[in-house]
Structure formats: structure tokens, C-alpha cells
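Colleague: Just passing along the structure, written as C-alpha cells.
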């Protein structure tokens, strides 16, 4: 008899104690191997870990290596040799290959049991399925890495958007002065175009980093999907079939309508590029309930009632490496002339900043599905304002106090407003703004940057509104971390002009606020 002994029981086991059931709860399987005969014995949970039928044929020793990657086979072989030679136990993390071809990870612990006279009589051990933990760790590392990029993007946004406001603004003014027939007009147009592309890129970085400014509304997703379908049909072309399947009575969600539409458009563009020879693009929307188990298995998911939006294609699909990097900014499998690699990064940023989560399912040759989950809300849908809509005229005679610490932006804004007929007083910071306001007999609008040295825009507004009840206030900023914007969402009742802005954007916003009287 070998030297192993069975521990003495001190209490009777519960009558319903089932070792297989306990192993299943813990995701731990146990095994033994007889080195003399090569016979292997597995617990039921071992079969489940490898995706095998516990009621099927017993596992043969010769079949075991195919259930691991070659690197893991080499590790186990070396560990078994050491255990047989000197009794060293092992504790290894191994990559397995399940019966359906999917990869997983286990922690394998084992030792060699010897008889009293020395020879090894059996090798035994356990396997703990850590696939879920490995996946969550990978998601966490990816999230941390992307968060670092997001912090960098948010940090440069304020200064960069000021620079872009000045570049695009003065280019617009020069273009108007020169006229369309001036020899330098095409050069100025190129400057404006380049500034516009840079602004788009900054906006995408801010969307990815969840630091863009959102103006959410309660809406029915059906309305947005119906609005984008005509655009998608033109975008996709005749060789791609477009199908929309929206569940009747679908719930409402709280999102920025324009950004929600951008998410669908970006996913559709991605799908189109994956189907160069045609195929089918399907958009689905339905009510779902995510339970606690689902939330435990997905890092960003929250349990509860959601609206699920799925965008699926029948294209080329993605391999595991591409799937793991799909949401990284600037990662792309396309040529250098076919995009920046920010499309999916923008999508994930918008979805997460809206309180949702997104998951990718894809296989090579079998297409791709993106599933987006947005929390449902019981609030009533609100009317969506057209951001392009504005007053018929953007001129005026009112008095405006312009507070902006960037001299170039301040000069641009003042020129635009004065040429439109407004009377403008300017200040570079809070104390100067309060002093200038005290000297003004008439003050109809405070136009202030939200982020200023010393007193911030909100503090200036609070003091001036207290002294002049009814004063209108318009905040401008290219930065989301300030008192009028919380987590990238404009506070209720706040009028906000995002940077970079153009002359028309500025005048339209000013005129709209003055005409509204609040």
C-alpha cells in the first residue's frame, strides 16, 4: 500500500454532499494517472472544462496532449518528469484547446504519490478553470491602457481646440476678405480644410476618451434608426442588402441623438468595408434584461433593463488578434488612405459615456456583430432640436462681455461679433471681466470661456447674474472637465458653445440665446 493516507472523518458528511457538484461550483476538476498502465481518471468537471461530454467515452492518455497548446504540453511534460524524479509538485497556468476549438486557461496543480518503498504509484492533481478571470484581466488591462490614451487626449483638448478655433476662424475671415476669385483663395481653403480635419480628429479622440460634450435627450431609438436608414442605403451601395428589425414597443434611452446616429453610421461603414463583394447588413433593436450573471461575465455591463442595438454583417470577420485590438485608437486593417482607425474607438467612447456597454462577436469568414446595450429609462421622450437650425438673422445691436484668456480666440470672436453689429467689451480673466462689467451701462450677454485662470466662467457668471438679474450667459469650451460640464454632459439649463467654433456657429448661438430671453 502506498504512503498516502485518507484523513479521518471527524463528523458525518451531509447526506446531500456531492463532490461532482462541489467541483462544478468551484470550476475545479480533479484527475489521476496510473504511470504503470497509463490509465487516466477524470472527474466530471474535468470533462466540462474541456467541453467534452461527461457521459461520453473515457479520456485516453494518448488524447490528452491534443487538449493543450504545444507550449502547455511542454510545460506539463517537464513538470511531470521533475515530479517523478524528485517529488517536486507543480502549479502551472496552461492554455487549453476545448473540443469546439476555443481556447481557455486553467491552473494545473499536481504531485506524484509514492509507495512506501519509493516507486511512483500515481500522479494526481486538480485543474481550476480561470478562463473567465483571464478574460476579465485582459479587458481590465485594455481598459487601463485606453484610459491612459484618453487622459492624454483630454489633457490637450482645451489648448488644441483654442488653437483650432483661431486657425479656422481667421482663415474664414481671410477667405471672406479675399473673395472666391483671389489667387490665394484656394490656399486659404486648404488651411480651413486642414483645420477641419484636425478638429474632427480631436473630436474623435475626445469621444473615445469619453471626454466629449454630450447633450443627451430621452428618445425612442426607432426614430434615430429610421432617420439614418436612407443615408445608409446611399452609403452601402446596391450590392449590400440593408435590413432593419426593430421590436415593437421598444424602450426609451437617454443619449445624445446626433452621437447615437454617429455610432450606427460608424458601425455601418465598418461593415461595408468588410463586405467588398456585397452581403447583408442587419440592424436590430430590442428590449433585453441583463442579469447579474451576464454582468459578472462582462466587465462594463450592469444588470437591469436595457435596449440592445445590434449591427451585424456577413463580411470577412476578424481573427482573434484583430478582435482584441478592434477598439484601439488608430488601429486599422485598412490602407493608410482609407481612414484613421478611429471609427470603432469613437463608437466605444460614445457608448460608454452614454452609460452603455458594447461587445464584439466575430469569426473569420462568418461575419461580425456589434451588440450595444443602453439602460432603459421610464422618462418621456423629449423633442430633438436641430443643431443646424437657428435664427434667420445673426446680427444685432446688443452689448456683449467677451471673456477669453486666449488672445487669438478672443480677437477672432470680437471681430465676428462687432462686424455683426454687436457692441463688445473684452476681458482676459475673471477679475478683469468683473471690472469691465462694472463700467458697462448695458450688458445683455456674457460670453465666457468655461475654463479660465483664477475665477472660472461659472463663478464669473454667478456674480454677474446676481448683480444683473436676467443676464444671458453663453459658455464656450473645448474641455469637458469644468463646472458647467459634469462627466461630459452639459448641466441642465446651460447654454454651451463647443470649441472649435466657426463664425456662423458663434453668431447663431448668440442670437438664439438673446432671442430666447433666458
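Yes/no per residue for (1) in a helix (DSSP H, G or I); (2) at pLDDT below 85:
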site: 30; (1), (2): no, no
site: 38; (1), (2): no, yes
site: 54; (1), (2): no, yes
site: 58; (1), (2): no, yes
site: 62; (1), (2): yes, yes
site: 72; (1), (2): yes, no
site: 75; (1), (2): yes, no
site: 79; (1), (2): yes, no
site: 84; (1), (2): yes, yes
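Colleague: Related question: Could you list, in sequence order, all residues of the stretch 456-479 that are touching a helix residue (DSSP H, G or I) at 6+ places or on another chain (Cβ under 7 Å) and in a loop (DSSP other than H, G, I, E, B)?
Modeller: Selection gives 471, 478, 479.
Colleague: Working only within the stretch 358-367, note down all residues that are out of contact with any helix residue (DSSP H, G or I) (no Cβ under 7 Å at 6 or more places or on another chain) and either buried (at least 18 other Cβ atoms within 10 Å of the Cβ) or outside the structural domain of residue 267 (by TED's automatic domain parsing) (or both).
Modeller: The answer is 367, and nothing else.
Colleague: Can you tell me which condition residue 264 does not meet? The list is (1) in contact with a strand residue (DSSP E or B) (Cβ under 6 Å, 6 or more places away or on another chain); (2) without any contact (Cβ under 8 Å) to a residue 60 or more places away in the chain, and all the others hold.
Modeller: In the conditions (1) in contact with a strand residue (DSSP E or B) (Cβ under 6 Å, 6 or more places away or on another chain); (2) without any contact (Cβ under 8 Å) to a residue 60 or more places away in the chain, residue 264 misses (1) alone.
Colleague: Residue 317 versus (1) assigned to a loop (DSSP other than H, G, I, E, B); (2) at pLDDT below 85; (3) surrounded by fewer than 19 Cβ atoms within 10 Å (Cβ to Cβ): which is the lone unmet condition?
Modeller: Condition (2) is where residue 317 drops out.
Colleague: Quick one: residue 444 ticks every box in (1) closer than 29 Å to residue 197 by Cα; (2) at pLDDT 90 or above except a single one, so which number is it?
Modeller: Of the numbered conditions (1) closer than 29 Å to residue 197 by Cα; (2) at pLDDT 90 or above, the odd one out for residue 444 is (1).
Colleague: Moving on to the next point. Residue 295: modelled with pLDDT under 85, touching a helix residue (DSSP H, G or I) at 6+ places or on another chain (Cβ under 9 Å) and not in a loop (DSSP other than H, G, I, E, B), yes or no? Walk me through it before giving the result.
Modeller: Numbers: modelled with pLDDT under 85: yes; touching a helix residue (DSSP H, G or I) at 6+ places or on another chain (Cβ under 9 Å): no; not in a loop (DSSP other than H, G, I, E, B): yes.
No: the conditions fail for residue 295.
Colleague: Working only within the stretch 92-108, note down all residues that are exposed (fewer than 15 other Cβ atoms within 10 Å of the Cβ) and at pLDDT 90 or above.
Modeller: Hit for the stretch 92-108 is 93, nothing else.
Colleague: Also, I was wondering about something else. Of all residues being closer than 14 Å to residue 502 by Cβ and touching a residue at least 60 places away in the same chain (Cβ under 8 Å) in the stretch 168-206, which is surrounded by the fewest Cβ atoms within 10 Å (Cβ to Cβ)? Just the residue, please.
Modeller: 173
The values are calculated or read from the model by the stated rules, or taken from the named source; none is laboratory data. In this text, all values refer to a predicted model and were calculated from it rather than measured experimentally. All Cβ positions, even for glycine, are placed from backbone atoms using ideal geometry, and neighbour counts span all protein chains on display.
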